[in-house]
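Data first, discussion second: the structure below is written as structure tokens.
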Amino acid sequence: MSGAQGAEPMGSRTATTYESVEGGQNKTKLDIRSKEDEGYEMLVFDDEILSSNDERALNLTKELNQTDILVIVAVNNSESVNWIQENSRNVKNMICFESSSNLMNRLGGNDIGSVNKDKQITEVVKTVGDAWERLPVLQNLRSKGFSTLTCMVKNCGPQILNCLLDPNCRKALQCLNQCSPVDQVCSYRCIASYESPYFEAFSLCVLQKHNCLELDAKIPEKPYVPPMTSFRGKELCHDTAEDLFVGWLGELDWSWRVVAGQNPAYDQFPCQYQLFYRGKGKSSFWYEPVFQVRTLEEKLVWRRRRYSVKRGKIPATFRFSVLDNGVVSNEFWTIVDVSDDLSWGLFHYNGAARVAGQSYTGAVLVTPDGSYPAEKEKERLQSALEKCGIKEWELFAVDNCSCENPPLGIPQGSRLHSRISIIEEPDSEEKFN
């Protein structure tokens, strides 16, 4: 048996299934629908149709000129191969299985060769297959199976091809295929381990621009964490709250260092430095975390992100936004407490990567040097943690032992504190370096 298949949304274009049946028996089938992918239909034709002059032959040519995806299965007859080559030139995405080597796989309008001859392409196809097999697992995240594949190849063919042919990007996809869709720890470690421009472009197109998984995660509304309301005996205003974020920057090369965090996916990385600063614009404010990642290949690498920060309605509340490997995350941050001498602080956040279907919460305990706050601060610290609904034993300690040559620094012309000054300590430079 040999054949070709295609599918598209109802009410859009109709796709074609082209199939030959042994014995010359014509078995055309129309409107074959998947229960998991409602809204799609499949049209089936056999080899005999090539020699016919009826309406079905005209329909086949017409549908091939409009289809987005063409799947060819076991087509080896030379006449059929020649006909498909001649009539599929306008098809941007074509996948061949057990077919003539003269029929080329095509993605985003680019021919990528025969899977039977190219070891690299074989690995690419396996990766696509693994991802496809994983799609049913995504049903609890409201993915629609075949509609996801259609969206990807229709809108992001070049990005998919570039990613699958790049070793690092391909490793990222293969790694993510092994993670449960709800396992943020596994997913983010894969992403942080195999960052590349190709992976960012893939995610930006498939998820952020076209939302091919059709997900819509929301920032959690709970827990509600009340922000601090005063600092050094004065009512807290927006300017002072921003100054608390800026922290030790200026006296040191960083604002804060993370001692411990609540979220196992995002708060446990080694050597976390926080850089908060005002931009050149009147109301611009930025946050850049710098941190180490121990990759899945056991290499220590530095990573850095850049968040845009906007004031919330209430002082000490903020809205953060970041493009992280092609996906936008939006977060709501609260300054829970900061000691008067800036010896420690506690920041809480609720966030969501909407198109990745992930919502999350977390909190970070920070100090100037990355060491735990003094014993005398224990009662106040526990009170701050209780506001977040966190027990002290729930925090993950950050490894701050081997933090050589962090890629710090902020843009020239950036502004720091506007209202408060850092309390000088006799040996502050020595203490915090």
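The values are calculated or read from the model by the stated rules, or taken from the named source; none is laboratory data. Worth saying up front: this structure is predicted, and the values here are computed from it rather than measured. Note that we place each Cβ from the backbone using ideal geometry, even for glycine, and neighbour counts take in every protein chain shown.
Details
- Which numbered condition residue 301 misses (of (1) in a strand (DSSP E or B); (2) under 27 Å from residue 389 (Cα atoms); (3) among the β-branched types (Val, Ile, Thr)): (2)
- Condition met for residue 82 (part of a loop (DSSP other than H, G, I, E, B), outside the structural domain of residue 159 (by TED's automatic domain parsing) and at pLDDT 70 or above): no
- Apart from one condition, residue 377 fits all of (1) surrounded by fewer than 15 Cβ atoms within 10 Å (Cβ to Cβ); (2) among the charged types (D, E, K, R); (3) not in a strand (DSSP E or B); the exception is (1).
- Scanning the range 233-253 for residues that are closer than 28 Å to residue 358 by Cβ and part of a loop (DSSP other than H, G, I, E, B) returns no hits.
- Any hit, the range 357-364, residues being aromatic (Phe, Trp, Tyr) and modelled with pLDDT under 95: yes
- Criterion violated by residue 226 - all others in (1) of a type outside the set (Gly, Ala, Ser); (2) outside any helix (DSSP H, G or I); (3) in contact with a strand residue (DSSP E or B) (Cβ under 8 Å, 6 or more places away or on another chain); (4) closer than 22 Å to residue 329 by Cβ satisfied: (4)
- Top-ranked residue of the range 304-318 - restricted to ones that are part of a strand (DSSP E or B) and of a type outside the set (Gly, Ala, Ser), ranked as surrounded by the fewest Cβ atoms within 10 Å (Cβ to Cβ): 310
- For the condition more than 26 Å from residue 199 (Cα to Cα) and touching a residue at least 12 places away in the same chain (Cβ under 8 Å), residue 357 does not qualify.
- Any hit, the range 168-177, residues being in contact with a helix residue (DSSP H, G or I) (Cβ under 9 Å, 6 or more places away or on another chain), outside any helix (DSSP H, G or I), buried (at least 17 other Cβ atoms within 10 Å of the Cβ) and modelled with pLDDT of 55 or more: no
- Some residue of the range 54-75 being out of contact with any Leu (no Cβ under 7 Å at 6 or more places or on another chain), among the small types (Gly, Ala, Ser) and at pLDDT 75 or above: no
- Of the residues making up the range 181-215, those that are outside any helix (DSSP H, G or I) and of a type outside the set (S, T, N, Q) are 181, 182, 183, 194, 195, 210, 212, 213, 214, 215.
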